[in-house]
Amino acid sequence: MERLWQNLRYAIRVLAKNPGFTTVAVLSLALGIGANTAIFTLINALILRDLPVRQPERLVYLSAVRQGSKITLSYPMFREVERGQRVFSGMIGWGGNWMPNVEVNGVLSKDRVLSVTGNCYSELGAAPFLGRLLTPEDENLSGGANPQVAVIGYEFWKRRFGGALDVVGKQIRIEGHPFTIIGVTRKWFTGLTTGEPPDITVPLTAMPPIQSGEFDLESRSVLWLHPIGRLKDGVTIEQARAQLQSFWPDVLLATASTQTPGLRRQTFLSMGLDVSSAEKGFAGGLRSQFARPLYVLAGIVGLILLVACVNLANLMLARAAVRSHEMSVRVAMGASRWSLAQQVLTESLSLSLVGALLGLAFAYWGSRLLVLLMTQGNQVPLSLDLSPDLRILSLTISVAILTGVLFGLAPAWRSSREDPASVLQQNVRSLSGGASKLSKALIITQVALSLVLLLGAGLFVRSFQRLRSVDLGFNQSSLLQIRLNPKPGGYDKLDMGNYHKQLVQRIAGIPGVSSVSFADFSIPSPEAWHETVSSAPADPNTGIHFIADGATVSPGFFRTLGIPLLRGHEFQETDDEKHPHLAIVNSALAERLFPDGDAIGKTVRFGFMPEYQNIEIIGIASNARIYDLRNSATPVLFLSYLQFPAQWGNLIVRTNEAPEALAKTVGLEIESLGHEYALSMKTIPQVISQELVEERVTAMLSGFFAALALLLASIGLYGLMSYTVTRRTREIGIRVAVGAQREDVLWIVLRETLALALFGIAIGIPSALAATRLIATMVFGLSPSDLPTITGVSLLLLLVALFAGYLPARRASAIDPMDALRTE
């Protein structure tokens, strides 16, 4: 410990005397370690960290399995499982996040509401911040004159009530129904979905009165409930799976709907049961969307740190060469080679630990900036606990120590290997020659790693640009998309078909509006309605059948968007519920269902519901990217809104002037009817920009980190060539004295720079091609071996190398031979 303390004090003195080197080293390490810590902080908060509840490892999630997909259960299924299970100490049922109208102090907004069984908070071991939480007794409260109770989230309390301490006992209204606030949850309590805490939690039995439309809690055909069980002490998840699956067929028989006989009942009875761990929480939208990009970025920042290590190893080698005389004197005075290596490693570890401390500060701000970028445009704020825990601190310390050892090994090895006798016999004047082979190898490695990062970033950036400029198959200019939302009770006893028909006519009458249509989806829509469409309407298991996306649209939809009809005609105003059911298919679906003939006039079946069979095709539309931006040939079946009225949907308005100028007028016209209001009004380019947030963040961050790697590579090349010129000052002076021209000296240095860069590129290209295979599914319209991108990043690296080598080369070409021979 005494020797360690002595080495540490000496290292601090040496580094303090070289502020330029110390500053560059610490900043390089802080950026590398900070970037790694910031990305890992997000991965930890979103993916790795357990739910902040009591014994999360004992939680188990149940789901039914239909045709390979996991789905939710009905409330009767949940109760039947609860009665038959013998492995749980308790079961929680929760209805998923719902976004109804919430009125606070007369202000209406859409907020995240979660319905749960009364034992939810007690089973999770949650404690209130204010008031109390839900109990099983709260499920038995009746509505009407006696308001239901609700628990609000910490962030909702701060956002809508300003953090008022007297909030308990106040009332809010959900879809017009009164609820009394009984408590506030603690900060960072997110329920069962990481990053997406419920704003309001209500008892499960409060759902039917406030759910828009007809909703029966005891319905056997509506699958909507998420079941969570807490394992008894001593029971493993394998034992629980075996016991639950043993009586699962009985659960299906007892809860199958008697109103859906035939194929739909058979499909229900054939469902399986999945039992999986719930300690990390339910995989919500944020985790599903950003898990893969975060892991890719983790690999990128890992390479950034490696580039920084290589850069610092080169700088330390240069310092070791300058200090070779000092080290030899130490050996001559009795110091062992191990003690010299210890001293060098102490210096590198000191730099690394200081860089790690500064990197933690960078990571604190960087992780929060990343969350802002990831959630830009989200309707409801997200909540991620980004505070450092033991896992993050352990990673940072481990990375700091590993980094210090990595870039300290090369100079430590060199210092311990030099012969002190030969070094002491030389004086500084006699030293000549350029950089060592090890330094050149490190620079080549740095260039190769930089090329890997540049190629990956280039692919992400070009992929994002292609997605932004892709041909959607329709005219997106002057299109305004309006997301409609009902006012509390706005849909009660309302003829939806006639109402939306009237709404479309009212909007079409606004000056400046050229066309209006209604659709039950947004453009683009990642959550499409998927069903099996069959060319044999009597039996979907015979004939040709494919999975297709379903869309319900009003007459004039294709004209409004500018989607050309290849054959047939559009829906008419007379195509209502009293007439045979009609459909328009896109060419991708028509070619698959009827490859040998014309689809016009043919009948198809869509899904299992009786009302969706014997649907006649009256038109074939051109393919358009209305659902998936990445796929122009997604099979789509369009149904008439007048025959299949939908409650939820969007208005699509084409204008003769700037859409933004008419947005306010359109919004007032919608509210004037008293049933709905415009939740959001955006142009199609704005909607697409928000849809591409994952690609934008990935392209932006990978580009930033690649630029950082390029900067580090240029600094490394500049430092190496500057050191080379300094070491070869006497040689260059002699060359000039015997007749070498300025251009000759310039070329000597640039040639060495280009040789190192070309070697690095030659090694980096095959390495980059191998690495980019891992991101092949994340790029659009490009191959991982895209030649223009490879050529572009290679030329960029060469230009940067030339610039980094030109400054030392120009200095070398300006050397006065007499001064060069005298100075050393």
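Remarks
- Val470, sole failed condition from (1) surrounded by fewer than 20 Cβ atoms within 10 Å (Cβ to Cβ); (2) aliphatic (A, V, I, L, M); (3) in a helix (DSSP H, G or I): (3)
- Residue match in segment 275-298 (condition: in contact with a Pro (Cβ under 6 Å, 6 or more places away or on another chain), touching a residue at least 24 places away in the same chain (Cβ under 8 Å) and either surrounded by fewer than 21 Cβ atoms within 10 Å (Cβ to Cβ) or assigned to a helix (DSSP H, G or I) (or both)): yes
- Filter result for Thr255 (open to solvent by 20 Å² or more (accessible area, probe 1.4 Å), over 32 Å from the mean Cα position of the chain (by Cα) and either farther than 21 Å from Pro52 by Cβ or at pLDDT 85 or above (or both)): no
- Single residue of segment 210-243 satisfying the filter (among the hydrophobic types (A, V, I, L, M, F, W, C) and in contact with a strand residue (DSSP E or B) (Cβ under 7 Å, 6 or more places away or on another chain)) that is modelled with the lowest pLDDT: Ile210
- Unmet requirement for Asn18, which otherwise passes all of (1) under 24 Å from Arg391 (Cβ atoms); (2) open to solvent by 40 Å² or more (accessible area, probe 1.4 Å): (1)
- Residue satisfying all of: in segment 259-269; open to solvent by 80 Å² or more (accessible area, probe 1.4 Å) and in contact (Cβ under 8 Å) with a residue 24 or more places away in the chain; farthest from Ser246 (Cα to Cα) among these: Gln259
- Strands (runs of 3 or more DSSP E) contained in segment 579-669 and holding at least 2 residues farther than 30 Å from Gln502 by Cα and of a type in the set (Val, Ile, Thr): 603-606
- Taken over segment 407-447, the criterion of being modelled with pLDDT of 80 or more, aliphatic (A, V, I, L, M) and open to solvent by 10 Å² or more (accessible area, probe 1.4 Å) is satisfied by Ala441, Leu442, Ile444.
- Restricting segment 46-58 to residues that are open to solvent by 10 Å² or more (accessible area, probe 1.4 Å) and aliphatic (A, V, I, L, M), the residue that is farthest from the chain's Cα centre (by Cα): Val53
- Options Ala25, Ala38, Ala30; residue that is at pLDDT below 85, open to solvent by less than 20 Å² (accessible area, probe 1.4 Å) and under 30 Å from Val371 (Cα atoms): Ala25
- Test: residue in segment 516-523 that is more than 17 Å from Thr552 (Cα to Cα) and either open to solvent by 20 Å² or more (accessible area, probe 1.4 Å) or not in a loop (DSSP other than H, G, I, E, B) (or both): no
- Any hit, segment 158-178, residues being at pLDDT 90 or above, more than 25 Å from Lys487 (Cβ to Cβ) and among the acidic types (Asp, Glu): yes
- Checking each residue in segment 121-157 for being at pLDDT below 90 and part of a strand (DSSP E or B) picks out only Gln148.
- Residue in segment 712-720 that is among the aliphatic types (A, V, I, L, M), within 30 Å of Asp495 (Cβ to Cβ) and surrounded by 17 or more Cβ atoms within 10 Å (Cβ to Cβ) present: no
- Every pair of residues 6+ apart whose Cβ atoms lie under 6 Å, when the first sits in segment 36-60 and is within 19 Å of Pro197 (Cα to Cα) and acidic (Asp, Glu) while the second is open to solvent by 10 Å² or more (accessible area, probe 1.4 Å) and not in a helix (DSSP H, G or I): Asp50/Glu279
- If you go through segment 81-99 and keep only what is outside any strand (DSSP E or B) and touching a strand residue (DSSP E or B) at 6+ places or on another chain (Cβ under 9 Å), you end up with Val81, Glu82, Gln85, Val87, Met99.
The values are calculated or read from the model by the stated rules, or taken from the named source; none is laboratory data. Predicted model only: the values in this text are computed from it and were never measured. Neighbour counts run over all protein chains shown; Cβ positions are idealised from the backbone, glycine included. Note: accessible area is taken over every heavy atom of the protein model, side chains too, but ligands, DNA and RNA are not part of it. Shrake-Rupley method; radii C 1.70, N 1.55, O 1.52, S 1.80 Å.
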